[in-house]
1. For residue 650 paired with residue 485, estimate the spin-label separation in nm (one decimal), with each label point 7 Å from Cα along the Cα-to-Cβ line.
2. For each of 71, 557, count neighbouring Cβ atoms within 10 Å of the residue's Cβ, then give the residues from fewest to most.
3. Projecting each Cα onto the charge dipole of the chain (Lys/Arg +1, Asp/Glu -1 at the beta carbon, about the Cα centre), which of 586, 468, 83 comes out farthest on the positive side?
4. Pull out the extension gain between residue 59 and residue 166, defined as 0.36 nm times the separation in residues minus the alpha carbon to alpha carbon distance; nm, one decimal.
5. Order of 201, 536, 46 from fewest to most other C-beta atoms within 10 Å?
6. Can you tell me the mean projection area, over all orientations, of the convex hull of the stretch 458-571's alpha carbons? Units nm², please.
7. Report ³J(HN,Hα) in whole Hz for each residue of the stretch 597-614, in order, from the Karplus equation J = 6.51 cos²θ - 1.76 cosθ + 1.60 where θ = phi - 60°; Gly and Pro get x.
8. Starting from the Cα of residue 92, step 7 Å along the direction of its Cβ; do the same at residue 574; then give the gap between the two resulting points in nm.
Amino acid sequence: MAVMLRDHTNISSGALDARATSLANEAKIAHALFTGIVKDKIGYPVREYAKNAWEVSPADRPFEIDLPGRWSPKIRFRDYGPGLDHEFIMERYATLGDSTKDSNGIGGVSGWGFGSLSALAYLMEDGLSGSFTVISYQGGEARHYIVSLDERGMPQPKHFASFPSEEPDGLEVSFAVREDDFEAFEDRAREILWSFEPRPVISPAINFREPEIQAQGQGWISYAKHTVPFSGPQVKVGPVMYPIDMKEISGSIGFLQPTDTIVFSVNPEDVTPTASREQLQYTSTTKRALSAMIAAFEANFVAEVQAKVDAASCYFEGCAVFRTATAHLGVNRISGMREKVTWGGQPIRTEITHKVMRLGDGWSKFERFSKDHVDPANVPAAAKIVVEHNPYASLDRFLALDLVGQDILWARVKRDELPGFLTMCALKEDDVIVLDKADVTRKANGATSHGISRNNRIRRRRALNVSLVPSKWGGTDVALNDTTETFDLAAGGLKIQRARFGYSRRADGFRIADGMSKLGEGALRALIAQLVHHNVIREDFRLLIDTGDDELDEDVWFDFGDYVEMRLRDLIDIPKLTPVQRQKGVGDIPHGILHFAERYDLEKAPNDLKTFATKVRLTKNSIQRRDERRENENDALFKILMTIVPGLHFPIGKAGVCPVDGLKENYDELMSKYPLFKHLLDGFNNTETNRRLGLYFDLLANQK
């Protein structure tokens, strides 16, 4: 981060006079630099001397720091760079603003030319003065210098001695530390030197806690807050970290938050520090660099998380991977990430909104289905996804499909809701087990061959026995018998309710399910007969007449109508239903026009009347052929379903040209041409009408 001074244009053309300015009191300026500008008088020399030593020391020979203590009340910095020659120290080392990094034989971070004298910030505190020691080791010689303030108050190096030495080349800087500041120097060294790579050899040793990395990407590392000695976002320039002032870049922080313990690495040329090097200068260049860095961080982080999620074997595992990768972000940013990261084209959700229940060990005991708030991240990748369209004998279905004891996500979704459920969980139909396809065998006592039983509740209750009996005309007939039967209410089965029609005081009908049509006994028998005819029902069964007095478990007792709907929907292929045409029918042809074409003798009529009559008859025949649906098994089953489920209808086909349109207009034109025609009609006597029309048609023919 060498300081780049901007070239300035000297605007002097036409000036009448000019004067060069200079510093009037250099000592006062020097005192202000070290005592006024520098806020942290202890951290400043630690950072500056450590940074200078880090820049020149080879990677295999880290520099050294001796911290102050009771037996050695000074701090010492020793690097293993090239050292400084005598002329440089005497002529340039103590010169304010003179930096080797300006024209660079050495290069490095910063370039203000204050770092070599940073000890004075501590030594001159509270109006005091002081000195520090510099030893340069070069070519087997150790030269000892003391830097102190001269009589003017300016820093001045003094050479005191030179001795032969076997020490490797390098530079050593040391200065005395007040006893009260021993602990503060150690604390600041721990904070500042944490980011150095490699770290110096410190005596006495500092135990740097191993940081816990939460996430990392190109140019950034995020740490767990409790494992690092800093808070908030930092930018690392060379070995030194600087806090990012979020208020200075509030318009471009994007994904970054003030609580993030994250360290960014930037090019030293892209940002500029303040003169004290305690923080960044927020110039336009620095702000642009930080904004670009944060934007790249967000994009990189999202890409890193997306790559991890993409590697998951299923949507549920992807959600779990996402949760782990973003656990340190906080609620707001995690919510934003959910809109950017997907698995299989689906966003990472917090909940499956369909009716689902988690069974970690399968359905090992009888219990009611209850909707859970299921986070997809909590569903193991190995879990079986079980779908039930119409609840019926669910436990027996689990047993039949050998699902007891397995990890299950159980979803109750209607058949038309299944595509939405599959899409939400990024599943295919082959990925789910459909309970409705299980071959269920009910047991009268409520027990199963798997040893799972329910508490018996044996009761005598009214029932409707449905028997399939041979018909005397051939085929099968249906008999309904209202009887009293023994039921195990815990075992479950099919039920029906008595219902009244209109204002009748007698419950002479049946309610087969909530929301379905009420049926009289005859209509119920006809419905069952149709189901038998189409092999939907093949055996005798009984229906419990539910009076509402028993607390029947809805997981084992099912309305007969729901059961019928379930069976029919299993058999019906909705996409293959024959569409109907939503066009005008024969009933939309005015009666007068139909009578004209079909009831009257038009043998003597003019040709245009005969032609129109033929057109009407052809139109009627065409409409009748169109409306004669060639009923197949699929359509027949759907028509049965339509009788019990309100609101169902066949799909509407594409409308063609309606043949009814235009008939009335043609008829009116003809009646205008033959105005006596309507007056000759006798609606009660076709013979009389035909006699009158014959005379009228003869008259028309004679006029020609």
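1. 3.6 nm
2. Going from least to most buried by this count: 71, 557.
3. With unit charges placed on the Cβ atoms, the residue in question is 586.
4. Full-extension gain reported as 36.4 nm.
5. Arranged by neighbour count, lowest to highest, 201, 536, 46 become 201, 536, 46.
6. 8.0 nm²
7. 7, 10, 9, 9, 7, 10, 4, 8, 5, x, 4, 5, 5, 5, 4, 5, 4, 4
8. Placing both labels 7 Å beyond Cα along the Cβ direction yields 8.4 nm.
No lab work stands behind these numbers, since they all come straight from the coordinates. These numbers were taken from a predicted model, which means no experiment stands behind them. So basically every Cβ, Gly included, is an ideal-geometry build from the backbone, and we count neighbours across all protein chains shown.
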